[in-house]
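*Asks:* Sending over a structure as structure tokens; questions will come in a sec.
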Amino acid sequence: MNILEKIFQAGVVGAGGAGFPTHIKLKGVAEYLLINAVECEPLLETDKFLIRYKSHEIIETLGIIADQIQAKKVIIGVKKKNTREVQALTKAIETLNSRVELCFLNNFYPAGDEQVLVYELTQRQIPPGGIPKDVGVVVCNVGTVVNIYEALHEKPVTHKFVTVLGEVKNPSIIYAPIGTSLDKCIEAAGAATIQDYGIILGGPMMGRIIDKSQLSQEVVTKTTGAMILLPQDHFLFKNKQQDLAQMINRSRSACIQCSFCTDLCPRNLIGHPLRPHRIMRSLSVDRQQHEILKEALLCCECGVCQIYACPMGLSPKSINGEIKNLLGKEGIKYSNSPAQSEVHGMREYRKVPAERLLSRLDLHRYSGKIQEGYACIEAEEVKIPLRQHIGKTAMPIVEVGSVVEEGQLIAKVEEKDLGAKIHASIQGVIKEVNHEFIWIEAGEKVGMQ
Ligand code: SF4
Ligand code: SF4
């Protein structure tokens, strides 16, 4: 079995993003292999943990991936301030006599945005609406590389390391079987310290809000990286849960066209024709200019404009997200245009310092609280979603009542299709199979050996 087949068989998808199937990403050749190890969202610790604990596995695997895609250069982007992680990687590179290079980034947000990272590490500009391969680059996240290492040793993706922090007794890294309910993750972090809390799944800037009443229904997936518990009255919840009509009305009446949102937009700064202030202005006129609204398709929804830049508390990011949804439903895509310009001359001075962002987010009190090591969850049951990746939903191949082993294939996709295989994350008995998930009850509970 070749490397791509092993990765496909193990169901590896991008661990840090939307879940793009990795065996497809690694098809073909690329000049550069870049590793995103900057973990730029405030408070998150999972990737740093993986680097410290699995640096040898990461460096060893990078050599194999680089050979596969015939990369001439392999570079890990890591923040200069993360000295323990830099040391771990440096030691692994020396021990393995690897050709992997480290590139040190300052502590700014969003250093981990794929397009920003490619520019930082190669000085190449991905064209607007393009992907890294357009400029001869493949980017992988640290978690994905660890999963590739496991796949090469015949171990499928069954578990995920997740940062659980904020208003919990023991902010921790949790090692959870895929399909574990989020309330179990909170339990594993010593339970919530307050009654009235809300949850952000992912980072504070780009994560989504989970309704507390849905906690037992929401589960850990292959792309879950963090969950943050915050007091329900934290401004982030109000900021992320605005009604569209209200956002548009506020934009029409309060946008002063200062253009700070555009001035600090990381995508605009690397030369993409994304001008959120013009999108906001377009909302104020009766006949919206479609060409301007299409610029929203270039938005990575990093939130800098909304949470950091706008002096009027408006929501360009959320509005861009809505426009992207609407255009997506109509099948409208961004067509590559020659409108790409040079990287902005002020870019270096307009990067958002991560420490200042943390203060702006009012999250300093939760920083640096994660305990060393990790806690394992022994799940009594898991509900494993059939769609944890971009592409086709996986097809179940097990029936109610079947006994499955941890790591056993339970849902498949064809190799020609965009998608990823799904495996049992615990040993047990299949309790339910439907078009959304496969429910497994743990062996012990049903009297198995
Ligand atoms: S920063 Fe706010 S007020 Fe200024 S142009 Fe952008 S949306 Fe309008
Ligand atoms: S969220 Fe705002 S700052 Fe970030 S890419 Fe989109 S428009 Fe630019």
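A short reminder: the numbers here are calculations on the coordinates, not readings from a lab. Just so it is clear, the model here is predicted, and its values are computed rather than measured. So basically every Cβ, Gly included, is an ideal-geometry build from the backbone, and we count neighbours across all protein chains shown.
*Asks:* Only counting other Cβ atoms within 10 Å, I'd like Cys299, Cys305 sorted with the fewest neighbours first.
*Replies:* Ascending number of Cβ neighbours within 10 Å: Cys299, Cys305.
*Asks:* I would also like to ask the following. Hey, for a label at Lys72 modelled as a point 7 Å past Cα toward Cβ, could you say which residues of the range 18-56 have their backbone N under 17 Å away?
*Replies:* 29-34
*Asks:* Is the shape of the range 190-343 rounded, prolate or oblate, going by the alpha carbon gyration tensor and its root eigenvalues a ≥ b ≥ c, with a/c under 1.5 for rounded and a/b larger than b/c for prolate?
*Replies:* Cα axes put the range 190-343 in the prolate bin.
*Asks:* Now a separate question. Would you mind getting me the FRET efficiency between Glu405 and Glu436? Use the beta-carbon distance for r and R0 = 25 Å, nearest 0.05.
*Replies:* FRET efficiency, Glu405 to Glu436: 0.65.
*Asks:* Could you state the angle between the C-alpha long axis of helix 142-152 and the longest principal axis of the C-alpha atoms of the chain, as a value from 0 to 90 degrees rounded to the nearest 10?
*Replies:* The answer is roughly 30 degrees.
*Asks:* For the range 111-152, rounded, prolate or oblate, judged on the Cα gyration tensor with a ≥ b ≥ c (square roots of eigenvalues), a/c < 1.5 rounded, else prolate if a/b > b/c?
*Replies:* Cα axes put the range 111-152 in the prolate bin.
*Asks:* Right, here's the next one. Treating the angle as unsigned and between 0 and 90°, give the value, to the nearest 10°, between the Cα long axis of helix 46-69 and the longest Cα principal axis of the chain.
*Replies:* Between helix and principal axis, roughly 90 degrees.
*Asks:* Which order do the peptides 25-32, 276-283 come out in when sorted by mean C-beta neighbours inside 10 angstrom, highest first?
*Replies:* 276-283, 25-32
*Asks:* What's the extension gain from Glu342 to Arg99 if we count 0.36 nm per residue and subtract their Cα-Cα distance?
*Replies:* The Glu342-Arg99 span can extend by a further 84.3 nm.
*Asks:* What's the ranking of 234-241, 142-149 by average number of surrounding C-beta atoms within 10 Å, highest first?
*Replies:* Most protected by this proxy first, the peptides run 142-149, 234-241.
*Asks:* Something else: From the square roots a ≥ b ≥ c of the eigenvalues of the alpha-carbon gyration tensor of the range 3-152, which class results: rounded (a/c under 1.5), prolate (a/b over b/c), or oblate?
*Replies:* Rounded is the answer for the range 3-152, as its axis ratio a/c remains below 1.5.
*Asks:* In what order do Lys48, Lys160, Lys72 fall by count of nearby beta-carbon atoms within 10 Å, going from fewest to most?
*Replies:* Lys72, Lys48, Lys160
*Asks:* Moving to a separate point now. Principal axis lengths of the range 18-57 from Cα atoms, whole Å, largest first?
*Replies:* 34, 25, 17
*Asks:* For Ile76, enumerate residues with amide H under 5 Å from its amide H, sequence gap 5+ or separate chain, H modeled in the peptide plane.
*Replies:* Amide H to amide H, under 5 Å and 5 or more residues apart or across chains, Ile76 pairs with Ile35, Glu101, Leu102, Cys103.
*Asks:* Would you kindly give the portion of the calculated P(r) for the chain that falls above 29 Å, as a percent of all Cα pairs?
*Replies:* So the pairs more than 29 Å apart make up 49 percent of the total in the chain.
*Asks:* Let me ask another. Could you put Cys376, Cys40, Cys300 in order, starting from the residue whose Cβ has the fewest other Cβ atoms within 10 Å?
*Replies:* The most exposed by this proxy come first: Cys376, Cys300, Cys40.
*Asks:* If each of Ser284 and Arg84 carries a label point 7 Å out from its Cα toward its Cβ, how far apart are those two points in nm?
*Replies:* 4.9 nm
*Asks:* Just report the Cα centroid separation between the range 170-205 and the range 377-429, whole Å.
*Replies:* The distance from the Cα centre of the range 170-205 to that of the range 377-429 comes to 23 Å.
*Asks:* Any idea what angle helix 244-254 forms with the longest principal axis of the chain, computed on alpha-carbon atoms, 0 to 90 degrees, nearest 10?
*Replies:* 30 degrees
*Asks:* While we're here: So for the pair Thr393, Arg356, with labels modelled 7 Å out along Cα→Cβ, what separation do we get in nm?
*Replies:* 4.6 nm
*Asks:* Whole-Hz Karplus ³J(HN,Hα) for the range 216-224, in order, using 6.51 cos²θ - 1.76 cosθ + 1.60 and θ = phi - 60°, x for Gly and Pro?
*Replies:* Values per residue, Gly and Pro as x: 6, 8, 7, 10, 5, 10, 5, 10, 5 Hz.
*Asks:* Okay, next question. Go ahead and run the numbers for FRET between Gln232 and Lys369, Cβ-Cβ distance against an R0 of 25 Å, rounding to 0.05.
*Replies:* 0.80
*Asks:* Rounded to the nearest Å, what's the spacing between the alpha carbon centres of the range 140-158 and the range 251-276? Just the number, please.
*Replies:* Measuring centre to centre over Cα atoms gives 38 Å.
*Asks:* Mind checking the full-extension length gain between Ser213 and Arg252? Use 0.36 nm per residue of separation minus the Cα-Cα distance, one decimal, nm.
*Replies:* Value of the extension gain: 10.6 nm.
*Asks:* Let me ask something else about it. I need the peptides 92-101, 314-323 ranked by packing, meaning the mean over residues of other C-beta atoms within 10 angstrom, with the highest value on top.
*Replies:* Descending packing order for the listed peptides: 314-323, 92-101.
*Asks:* Let me have the relative contact order for the chain, percent, based on Cα pairs under 8 Å that are six or more residues apart.
*Replies:* Averaging sequence separation for qualifying contacts and normalising by length gives 17 percent for the chain.
*Asks:* Further question on the same structure: Quick check: residue separation of Ala18 and His153 times 0.36 nm, minus the Cα distance between them. What number comes out in nm?
*Replies:* The Ala18-His153 span can extend by a further 46.1 nm.
*Asks:* By residue number, which cysteines of the chain lack any other Cys whose Cβ falls under 4.7 Å from their Cβ?
*Replies:* Unpaired cysteines in the chain: Cys40, Cys103, Cys140, Cys185, Cys255, Cys258, Cys265, Cys299, Cys300, Cys302, Cys310, Cys376.
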